[in-house]
Every structure is written in C-alpha cells, then in structure tokens.
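The values are calculated or read from the model by the stated rules, or taken from the named source; none is laboratory data. If you're wondering where the values come from, they're calculated on a predicted model, not measured in any experiment. Neighbour counts run over all protein chains shown; Cβ positions are idealised from the backbone, glycine included. With ligands, DNA and RNA removed, areas are computed over all heavy atoms of the protein, side chains included. Shrake-Rupley method; radii C 1.70, N 1.55, O 1.52, S 1.80 Å.
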Amino acid sequence: MKAVAYARFSSDNQREESITAQLRAIHDYAEKNGVIIVREYVDEARSATTDDRPEFLRMIEEVTSGCLQVDYVYVHKLDRFARNRYDSAIYRRKLASKGIKLIAVTQPLDDSPESVILEAMLEAMAEYYSKNLGREVMKGMRETAFQCRHTGGKPPLGYDIEPGSNKYIINEREAEAVRIIFSMYLQGCSYKEIADYLNSHGYRTKLGSQFVKTSLYEILRNEKYTGVFVFNRAASKTGGKRNNHKSKDDEEIIRIPGGLPAIIDPSTFREVQKMMDRRKHAPGAAKAKEVYLLTGLVWCGACGGPMIGNRRRAGRNKDIYAAYECNNRKRLKACHAKSINKEYLEQYVLNELIRVIFSDEGIPILVKKLNEANKQRLERNSKELDYIRQQLSEVDKKISNIVNAIADGLYSPTMKETLAKLEEEKTRFQVAIDEIQRANVVELTEDMIKAYLEKDKQVILSGDLQACKAIISTYVDKVIVYEDHIDVILKIVDFTGGGGGSRTPVRRYIHSSFYQDSFRFQSRRRVSRKPDTLGPARLRFPSGPRAGALPVAC
Ligand SMILES: [Zn+2]
C-alpha cells in the first residue's frame, strides 16, 4: 500500500504542530500500518484563515490524475486537509472517485457508516475551532469592543472618538449627512442623486473627500447608526483591504445594542435594508450557475454507468431542461436509459433523507449509533494513550539509569549517544500523548450530536442546494435510477431494526412518465401552477406525482 503525506502549517497559529511534528506522526502511522509514503507535500501559509495552498492543489492533481498511484492521502488532522466542509466534501469526493482514502493519522476512524458521519462531525468541529483560534488572536480587540470602545481606524461618518475614554460620540454636522443619506434612499433616490446632493451642499466623507456610490453603500449597511455596537473580525484586514461586502458568520460578530449613541432609528434602518436587498435581487442580477446536488452519486440502473447532470435547451419553446443523463448514453450512445428530471430526482432523494434519517424516529437511532461509535473512538484513544504512557515510563527509567551510572563515575562515549537517542524518543512519546489528548478535547456529547444532526436537517429542509451538496455524501451512498423505480442507498445501517446488511435500500416505484425523454416535463419557466406535494410541505416536486400515485415497493 502506498500513500502521500500532506502537511500544512500556518505561521500565525502558535498552537499548531510544526511541519516536522506533523510529518513525523504521519510516518509513524504509516510504519505501523505497513504503508509506504511515496511523496510529501507541504504548505506553509501566512495565516490560519487564508486559503493559500499550492502544494495541496498539486497533490490533488497528481494523485487524481494517476500520475502518482496511491491508496491513501495521509494528513495529521482533518483540519489540515481542508478549511471548510464544502471544500473538504469536494476534494474528498474527488479522491474517493479514484479509490483514494483520506486518513487523519491522529484521528483514525474505521470504514463504518457511523464513522463517516462522525468524521464529518469532527471536521465541522475543527472548522469551528479554527474560527475560534482566529478569534483568540483578536482577543484584546474584542475585549475593547465589549466595552464599546473604538477598536482602531477611522470611526464611521457621524461619529468622533472621545479622547481618553475611546468611546463614540456624535459629530452633529456629519450625523446630518448620515440622516440625509438614509432619508433620500428611502424616498427612492439613486446613489448618484444622493451623492450629488451631499457634494453640492458641502458635505464631505470622513476622509474629507466627495461622496461616491461605494461610500454610500457602506453607510447604508452600517448597523452602528442604530446604536448597536458591531464588532467583527471579517471587517478587519484581509489581504490589506477591508472586506465589508463579504458576508460574515454570525458567530464572528459581537453585537451590543445601545453600545453607542444612535443616529438612525431602527425601523428606518430595517426599511432601508429591505430596499437594498430587493434592489440586489432585482431581475438582471447575475444568474446563479446550476448546482447538481447529486454529482457523483447517481448511477444508471440499465448499464451501471454514472449519470451526469446536464442542462440544455430543447422542445418547442427552447425551454431549459436540467436532468441527469446516463453518461454511456450521452457519450458512447451505448445505453438506452432515459434521463431523469433533475429537480424531481433531487427532491426525491432529499425527501427520502428526511423520511428515513431525519425523522422523529430516525434521529434518536442515529444519535445512539453515533454515540456508540464515538465511545469506541475515545476508548481506542485511551488504549493508545495507556500504551504510549507505558513506553514513556520505560524510556524514563532507562534515562535515569544512565544518568545515575554517569553520576557514579561510570562513563563511556556510547552512553552519551544512547542518552541522546532516549531523549529524542521521550520527546516523540510526549508529542504523541499531547496529540491524543488534544484529539480527545473534542468530546461529543449526545446533545452536540443531536444539535449537529438537527442542523443538517435544517440544511436539507432549506432547499439550499449548495449547502445540501456539502453534506449529502455524508448520508447518501448512491442513487440508482432504473426504468421504473429509484433506489436510494443510504450510508446508515439498518434503521428498521431488521437484520443484517450495512445499508438500507429505499425503494419506491415511480411512474415512468416522470422520465424525461420526450421532454414532457414542465420547464422551470412554466412552473406556475400550484405544485403537488409529497411529504413535508416544503419539499416540492415541480412536476411531481400525487402522493397516492407512489406505491411503496417493499
Ligand atoms: Zn446507462
């Protein structure tokens, strides 16, 4: 068996193991498992949160293109592999499609379906901790922020900083400009009209320059004007530039209502936000690229080939049809399976997830299973810990024997060498203990597992395909589309309490007219009539069947 090793180090993260320590742990693990490391890839990032990973991308390219033949990618910890769940899901799927397994050597988990979910959960935790870490760097600033004091830089238009206390006070002349901006916007004025008015009436920005569109945008979006002290790290420097337009995670933001004097009343502010959102989503905004939720998961029941998401214009009205098509039919013309409507198939799979896993009966079962898997993980860790501690105490004994011998005047040149070797060994064991203990810090309680599953359930219910895509392969093994029915094979063992088998096929017949071949499907444009529904009200089948038309096959 062969593997490549990937290590990553961010220089601003002091708690992180060095590249050498990461690689050492990887090599130890490889040796223990009889795996040969054929190549090492190392990225040294300037920051824990920027995504600058040339070697990572090279590794993915080399192992997936087959230019390097390996069975595993070894990393020290899962958070070394990718910085967020979405990324991770994408790259992991890429590796999996070539039969390559990702292994975090300090968090080894087995292949069981529970482990797959557990692994995703640990990864989410790592993501959370990575954010926390960045936060710690900002701790001093945050403490200042909690006292609603100015944290540096220029205050927003309308405010001055009181010398000494560093608190915000209103600058009346500037505050007038702010009020004008909000009220003109509410009256429907364009940015240009507002800027022209302000500039011609002698108002200036905080920097003393003329108003332009972007300065107005930032003012209209600044919640501070309602008296809410807002502090967030995303507003801090990123690559030397403030990125106020980027959306920020809620957990990154500190909001303290009444933290500074208000210039705009909250209802005016809310009204303006609504108007701005409406303008943003106005027609003509860039069309989002189609997201195929089930990429890599759908297989043709007729020939066993993969089914690929595809979009084309066809039919009398040149409507756009999105569908999953058998690759063998499309490229080789070697299969006659019909394609299937994209939305129908995706909603069907999501619906099955809700029905089978994320149901009132399913979640408690899953929580229990994950809990068991987690207990096993902790047990493994603690056994490993015992073993290493024992090794450590043996090394300690050897060291003190030599030291005593030297103290007794028994000295030989080889002793010095042996002592150095023992000391090195000791350090290695200490590092290993430290790593295992740290892995144990992420202890999952039943409540955490429940909350995690509940969060995933909400993602699935939300219908946000991009978000669903990041988690779907955690739960769905594959989807096989046959002529007259669909098999959804989930990764979770046996929910019904029945015997054996590590997978739960969910099989339902569907009416063959739901296959899109002669384009009898409704186009997206024509979905105007009230769609029929199946299951929870939020899951819609745009061209779907009535619930009663779906006889359950097994
Ligand atoms: Zn086929």
Backbone HN-Hα couplings from phi across the stretch 22-33 [Karplus 6.51/-1.76/1.60, Hz, Gly and Pro as x]: 4, 5, 5, 4, 5, 5, 4, 4, 4, 4, 4, 9
Inter-label distance, nm, simple model (7 Å from Cα along the C-beta direction), Ser97/Ala420: 5.1 nm
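Could you sort the peptides 479-491, 399-411 by per-residue average Cβ neighbour count (10 Å cutoff), highest mean leading?
Values: 479-491: 19.0, 399-411: 11.5.
Descending mean neighbour count gives 479-491, 399-411.
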Shape metrics for the stretch 362-439, restricted to C-alpha atoms - Rg then Dmax, Å: 19.8, 71
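Carbon and sulfur: what percent of the stretch 362-439's accessible surface (1.4 Å probe)?
Details: 2660 of 4980 Å².
Within the stretch 362-439, the accessible surface is 53 percent carbon and sulfur.
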Too-long pairs where the Cα-Cα distance tops 24 Å, listed order kept, from Lys94/Lys491; Lys342/Lys469; Lys98/Lys338; Lys98/Lys491; Lys167/Lys206: Lys98/Lys338
Placed amide H near Glu40: partners under 5 Å, 5+ positions off or other chain: Ala5
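Less than 14 Å Cβ to Cβ from Ser190, Lys/Arg counted +1 and Asp/Glu -1: what total charge do the surrounding residues give? Could the numbers behind the result be given before it?
Details: positive: Lys192, Lys213, Arg279; negative: Glu193, Asp196.
Value of the local net charge: +1.
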Ranked order, His201, His336, His27 - accessible area, probe 1.4 Å, largest first: His336, His201, His27
Estimated vicinal HN-Hα couplings, Hz - the stretch 94-99 in sequence order (Karplus 6.51, -1.76, 1.60; Gly, Pro = x): 4, 5, 4, 5, 9, x
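Could you state the accessible area per residue of the stretch 172-226 in Å², with a 1.4 Å probe and every protein chain left in place? Could you put the intermediate results ahead of the total?
Working: 2800 Å² over 55 residues.
For the stretch 172-226, the solvent-accessible area averages 51 Å² per residue.
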Accessible surface of Glu174 - all protein chains present, 1.4 Å probe, nearest 10 Å²: 30 Å²
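At a 1.4 Å probe radius, which order do Lys426, Lys397, Lys330 fall into by accessible area, largest first? Could the numbers behind the result be given before it?
Values: Lys426 50, Lys397 130, Lys330 70 Å².
Solvent-accessible surface, decreasing: Lys397, Lys330, Lys426.
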From phi via Karplus (6.51, -1.76, 1.60), per-residue ³J(HN,Hα) for the stretch 420-426 in Hz, x at Gly/Pro: 4, 4, 5, 4, 5, 4, 4
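Tell me the per residue accessible area of the stretch 362-439 using a 1.4 Å probe; a whole number in Å² is fine. Intermediate values should be presented prior to the final figure.
Values: 4980 Å² over 78 residues.
That works out to 64 Å² for each residue.
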Cβ-defined net charge surrounding Ile37, 12 Å radius [Lys, Arg +1; Asp, Glu -1]: -1
